[in-house]
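One structure is given here, and the rest of the page talks about it.
The values are calculated or read from the model by the stated rules, or taken from the named source; none is laboratory data. If you're wondering where the values come from, they're calculated on a predicted model, not measured in any experiment. Here the Cβ positions follow ideal geometry from the backbone for every residue, glycine too, while neighbour counts run over all protein chains shown.
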Amino acid sequence: MKENPATADTITFLGTGGARIMVANQILASGGMWLNLGGTELLLDPGPGCIVQATKRRLRADKLAAIILSHRHLDHSGDLNIMVEAMTQGGFKPRGRLYLPTDALSGEPVIFSYLKKYLNDIERLEAGRSYTLGNVTFNTPIRHIHPVETYGFNFQTNDYRFSVITDTRYFDGLREYYDGELVIINVVFSENRPQIDHLSIDDARRIITGIKPQTVILTHFGIPMWRARPWEVAARLTEETGVRVMAARDGMRFDLTQLRRPAA
């Protein structure tokens, strides 16, 4: 049975795997997230396999208004170039925007030079800035602690506000910058590993209890988190925090209208 294309006000997970070993083995896919917000379609962090995962789900790249990159690491940017090609129909129909950190354009740029002219605009992300695209506004409230320039996001539409906490080490004040009714958290580790700048289950628990959103979705699992069974972790966190916590699955489509429904 074929899947239906994304409808308005949905988030489709084109992969829930993160970090090097998971991505290299493709135990979980690593295609990022496809956002359809009131008809404005955005692609966040097109990692390796994004083009395959999107096409499999009949998501049309030429409908994208923009591609957004939280940071330059391969598990977030590996399919950036092919997605720009697809978004612009091989450059025959220049369109769309690319948002990314400054360091993703320097040294070894993540985007090929010839593709830049296919885009309407390339905009650099900075801490504390807001950006508007059609009916969607998003901001990058603070730079994360990660080996490269990295940002998370607060998205705002006429009807919804949700946050995406991308790769980072946990730090005091992190949770104060994200206030969505839905919060999506990249959780790579099952246990704390202070020497590596990624979040763990304990970090997620601190974020959830600090923000107290309506719903939390865990994603971007490394091998340790996958072995911990993310769906079981989510169930425990729901019981411990009183917040609805879900573990994303490859291909899962979250309907934002759920945020308007009374809790069961």
Answer with yes or no whether residue 234 is crowded, with 19+ Cβ neighbours inside 10 Å and either under 28 Å from residue 24 (Cβ atoms) or at pLDDT below 95 (or both). yes
Given the conditions (1) at pLDDT 95 or above; (2) within 30 Å of residue 25 (Cα to Cα); (3) over 17 Å from the mean Cα position of the chain (by Cα), report the number of the one that residue 213 does not fulfil. (2)
Considering only region 170-202, how many residues are touching an Asp or Glu at 6+ places or on another chain (Cβ under 9 Å), assigned to a loop (DSSP other than H, G, I, E, B), of a type outside the set (S, T, N, Q) and surrounded by fewer than 18 Cβ atoms within 10 Å (Cβ to Cβ)? 1
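Yes or no, residue by residue, for (1) small (Gly, Ala, Ser); (2) under 28 Å from residue 129 (Cα atoms); (3) not in a loop (DSSP other than H, G, I, E, B):
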position: 32; (1), (2), (3): yes, yes, yes
position: 36; (1), (2), (3): no, yes, yes
position: 41; (1), (2), (3): no, yes, yes
position: 46; (1), (2), (3): no, yes, no
position: 65; (1), (2), (3): yes, yes, yes
position: 84; (1), (2), (3): no, yes, yes
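For (1) in a strand (DSSP E or B); (2) among the charged types (D, E, K, R); (3) farther than 26 Å from residue 38 by Cα, each residue gets a yes or a no:
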position: 124; (1), (2), (3): yes, yes, no
position: 138; (1), (2), (3): yes, no, no
position: 147; (1), (2), (3): no, no, yes
position: 159; (1), (2), (3): no, yes, no
position: 162; (1), (2), (3): yes, no, no
Of the conditions (1) free of Cβ contacts under 8 Å to residues at least 24 places away in the same chain; (2) more than 19 Å from residue 16 (Cβ to Cβ), residue 232 fails just one. Which one is it? (2)
Selection from region 118-133 of residues that are over 17 Å from residue 61 (Cα atoms), surrounded by fewer than 13 Cβ atoms within 10 Å (Cβ to Cβ) and not β-branched (Val, Ile, Thr): 128, 130
